[in-house]
Every structure is written in C-alpha cells, then in structure tokens.
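Working notes, beginning with the structure itself.
The values are calculated or read from the model by the stated rules, or taken from the named source; none is laboratory data. Quick caveat, the model's predicted, so the values are computed rather than measured. Note that each Cβ is placed from the backbone with ideal geometry, even for glycine, and that neighbours are counted across all protein chains shown.
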C-alpha cells in the first residue's frame, strides 16, 4: 500500500513539474519588468505645481544634518598587501 501512494505522488510530481516550469518561463523579466530606458524621450512638460490658497511652503530643513568635516586620512595611500605574504617567498 505504501509503494502505491509513493508512485501516485511521483506521478503527480512528474505531471505538475513541467507545467510549473513552463509557467516560470512565461514570467520572464521582459514580460514582468518593462524596459523604459528611452521613455524620457517622449515625455511632455507639465505646468509647475501650485499650492492651494491659504497654504504656504516651508523651507527644507534636515532632521539629521551632516556636519562638514575635513578628513586628512581619507587621501592617505593604503597598502592592501597581507602581512607576511612575501616573507616566505623572498
């Protein structure tokens, strides 16, 4: 009885596997994700955004400002050779 259920399951897997594989090939990147790299060429200009009466725009303020700092060590040449690499070979 146990062998019969295994063979039955194996038949279902053998039957469904090609169907699943074919459906995956149907969903290729070209059909799901469209190539819009040249769509900007056909773009049109829109009129500028306006605020409704009674509203005002506030200037942009960063919640986490990044201070300007000079890092003299950033331009320092760094040797990436592992230590002891050439000790054994000369």
Exactly one condition in (1) modelled with pLDDT of 80 or more; (2) loosely packed, with under 10 Cβ neighbours inside 10 Å is false for residue 59; which is it? (1)
Only one of (1) surrounded by 10 or more Cβ atoms within 10 Å (Cβ to Cβ); (2) modelled with pLDDT under 75 does not apply to residue 10, and that is (2)
